[in-house]
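I have placed the structure first, in the form of C-alpha cells, so that the comments after it can refer back to it.
Just so it is clear, none of the values below were taken in a lab; they were calculated from the coordinates. Computed from a prediction, not measured in an experiment: that's the story for all the values here. Cβ coordinates were reconstructed from backbone atoms using ideal geometry, including for glycine residues, and neighbour counts include every protein chain displayed.
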Amino acid sequence: MGGPPPGARLLNDVTNSRWSLSTYRTLVLILTFIAYACYHASRKPTSIVKSVLDPQPLLDGGSQSFHTRDDQFVPWPAGPIFVRRKGLVGNFTSAADKSAGSRGLQTDGWAPFNGEDGTAKLGEIDLAFLLFYSTGMYVAGHLGDTLDLRLFLAIGMVGSGVFVGLFGMGYFWNVHSFLYYILMQMAAGLFQATGWPSVVAVVGNWFGKRKRGLIMGVWNAHTSVGNITGSLLAACVLQYGWGWSFILPGALIFCGGIIVYLFLAAYPEDVGLACPHLCNSENEREIYAKDLEGQMHAPAVKKGKADPEAKEKKASASRSSAVGILEACFIPGVIPFAMCLFFSKLVAYTFLYWLPFYLSQTAIGGEYMSVKSAGNLSALFDVGGIMGGILAGHISDRLRARAITAASFMYLAIPSLLLYRAYGDVSRFLNIVLMMIAGLFVNGPYALITTAVSADLGTHSSLKGNSRALATVTAIIDGTGSVGAAFGPLLTGFLSRKGWNAVFSMLSFGALVAGLLLSRLVMTEITEIYGKSGHDENLNQQGNQGSASEPLLREQR
C-alpha cells in the first residue's frame, strides 16, 4: 500500500499523537463525501448554461426575450483575457416588457449550439461525456483494485478539474468549434470515471455491513450536495460569462484532489490498522473485528488467541490479486442490479442535465423564469434526492431487502413523474413540492444501488474473503448505469423538440423497466423473509410448548 497520507503523517508528527480508528473512519467519510460532491458539482454547469448556449423559442407557448447588459465588453475581473462577449448572459423578460422599451440586446446564443440542431448538439456533448465516463468506469474499477486508491482518486480529481476548466475557457478564447467541446467532454468523462469506484472502495475498506444502508444513504448525500453546490456556483457567476460557470467548479474539484492526496487513508493497512490487535484499545479491537465481518483483512479474533503475523499474511494474500471483471460479473446479483441501474440512472441523469432547461422553458404560474432562477430552483430536486437516499438506505437495513426497496421506489417514481409534469406548472410552490417528491423516488434507488448494494456485492461470500473486488464490482454496476445515463440526456435532446410529454413518457417507461428487472431478486427476498418469519414462529411455538410442559414434568417427578 502507499503508506500514511503525507498530510495526516505531518499532523501526527507535529502533535506527537496517533489517530484512533474512529478518527480515521470519520476522516474517511468526510473526505470521500467532499471528493464525490466535487465530482458532481463539476458535472452540473452544462445543465445550467444550456439555455444560454441555445436560447431556443419556448416549447410550451409564450414569448421570451434574452438581453445582456450594455457594458458587455468591459473586462472582468482580470484583464482582456476574461471579457464579456455578446450572447453571454441576461434575464428572460416578457414580450410586454420588451414592447415597453426594456433595454438590452437580443441574444444569439453561442455557436455551434445556437442553430436549429442546437438542442441535439447539447445532447451530444452530454453523450460524449457519459459514454467515455461509463467506458472508463470498467477500466478505472479494475485499476482501483490494483493501484493505490488515494493517488488514483487524486489524479482523477485534478484531471477532471483541468478539463472542466478548459471547457469554460472556450468562452474566453472565443472558441466555436464543436470538436473542441466534444474533446473536452470526452477527456473530462475519462477522468471522472475514477471517482465512484474509488470512493465506494475506500468506504468499503473501512466499514462493514452493520447499518451499511443507513450509513451509505447518509453518506451518499454527497451526490445531491454536489449537484446543489454546482448549480449554485454555476448560476451565481453566470452573469459574468458562462465560462465562469465551468471554471469555478473545475477549480473546486482540482483543490479537492489536492486535499484527498494529502489526507485520505485509503486502506486501514496504510495507517497500521491491518488487524484488530493493532487498534488503540480493546473496545476498538472488538468494533473493528465485528464491523468488518467476513473480510479477510479484519477477521474476528478472540483476546489472547490472535496470531498477528499469520493474520497479516492472510490479509496481504487476500489483497494481492484483484478480481477480474468477468469473475465479478458472476457474483450473484451483480448483473440484475447493474441493468436496473441502467434505467434508474437514465431517469436520474436526465433530470441532472435537463431540469434547469425544462424549468426555463415552462411557464410556472403563468410566468417564465430566468436561467439563473431555473438553476437555483432545480437544486430542490436534489434536496428530495438526499431524503430519498437516506430513506431507502434505512428501509433496506430494517427489511434486509435491498431489491424490494429499490424496486418499490422505482414503481413509486412513475406516478411522481407524471404528477410533476401534469401539475408542476400550476404554481411555484406546487412545482417545488412535486419536484422534491420526484427527486426522493428517483434518486432513492439510484443512491441505494450505487452505495450499499455495490459494497455488499463487493464483499460477497462467493469471493471467499478477497477484499479486492469492491472497486471492480462498483465499476461494473455504475459503469452499466452510466451507459443508461448517457442515453437519457441524448434522447431528451431529440424528444424535447416534439414536446416535454414525450420526455416524461420516456422517463416513466425507464422507471418501470428498472423495477421489473429486479423482479427475480424481489421474489427471492420475499421468500427469504417469509421463510425466516415462519422459522422464527416455529421456534417460538416450540419454546411455548416447552414452557407449558415444565409444570407437568415437575409434577411427574
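One table, with the values for the structure above:
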item	result
Stretch gain in nm, segment residue 498-residue 519, where the contour uses 0.36 nm per residue and the Cα spacing is subtracted	4.2 nm
Protection proxy ranking of 112-122, 172-182, 353-363 - average other beta-carbon atoms within 10 Å, highest first	353-363, 112-122, 172-182
Ranked packing of 519-529, 387-397, most packed first, by mean Cβ within 10 Å	387-397, 519-529
Sites matching trypsin sites (Lys or Arg not before Pro) across region 124-231 that sit in DSSP coil, with at most 14 neighbouring C-beta atoms within 10 Å	210
Alpha carbon centroid spacing (whole Å) that separates region 148-213 from region 357-420	24
In Hz, Karplus ³J(HN,Hα) per residue of region 488-495 (6.51, -1.76, 1.60; θ = phi - 60°; x = Gly, Pro)	x, x, 5, 5, 4, x, 8, 5
Efficiency of FRET from Cβ geometry, residue 529 and residue 23, R₀ 51 Å, rounded to 0.05	0.85
Prolate/oblate/rounded call for region 173-260, Cα gyration tensor, a/c under 1.5 rounded	prolate
